[in-house]
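Novice: What follows is a single structure, and I will ask about it in a moment.
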Amino acid sequence: MSICVMDPATGWCEGCFRTLAEIGAWARMSDDQRDAAMRLLPARRKAFRDGAAPRTSAP
C-alpha cells in the first residue's frame, strides 16, 4: 500500500512487518530474496500481536 508506519521498538512496519532495509531493497531483491523475507513475516506478525516482539532498533 506504500504507507508504512515503523514501530520504533521492533524496527518493523506495523502493516507489512518488513524492516526499513527490506522495504528499501525490495525492488532490487531477487525472487528468492523476496521469498525468504516473506517467510519471516508470519512469525513477526504473531510476535508483534502477542506483544512478544524483540525490543531491538531498526537496522
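Novice: Beta carbons within 10 angstrom, averaged per residue: use that to sort the peptides 24-32, 12-20, highest first. The partial results should precede the final answer.
Specialist: Numbers: 24-32: 9.7, 12-20: 18.7.
Output ranking for 24-32, 12-20: 12-20, 24-32.
Novice: Between residue 40 and residue 14, what length in nm is gained on full extension when 0.36 nm per residue of separation is reduced by their alpha carbon distance? Don't skip to the end; give the middle numbers.
Specialist: On the way: separation 26, 0.36 × 26 = 9.36 nm, distance 1.42 nm.
Taking 0.36 nm per residue and subtracting the Cα distance, the gain is 7.9 nm.
Novice: Then there is this: Pop out the ³J(HN,Hα) list for region 28-40 in order, Karplus 6.51 cos²θ - 1.76 cosθ + 1.60 with θ = phi - 60°, rounded to Hz; leave Gly and Pro as x.
Specialist: Per-residue couplings from phi come out as 9, 6, 6, 4, 5, 5, 5, 4, 4, 5, 5, 5, 7 Hz.
Novice: Now a separate question. Taking amide hydrogens as modeled 1.01 Å from N in the peptide plane, which residues meet the under 5 Å criterion relative to residue 12, leaving out close sequence neighbours?
Specialist: Amide H to amide H, under 5 Å and 5 or more residues apart or across chains, residue 12 pairs with 7.
Novice: Return the sequence-ordered ³J(HN,Hα) values of region 2-17 in whole Hz as given by the Karplus equation 6.51 cos²θ - 1.76 cosθ + 1.60 applied to θ = phi - 60°, using x for Gly and Pro.
Specialist: Ordered by residue, 3J(HN,Hα) equals 6, 9, 9, 10, 7, 7, x, 6, 9, x, 9, 5, 6, x, 9, 6 Hz.
Bear in mind these aren't lab numbers, they're just calculated from the coordinates by the rules spelled out. Computed from a prediction, not measured in an experiment: that's the story for all the values here. In this analysis, Cβ positions are derived from the backbone assuming ideal geometry, glycine residues included, and neighbour counts consider all displayed protein chains.
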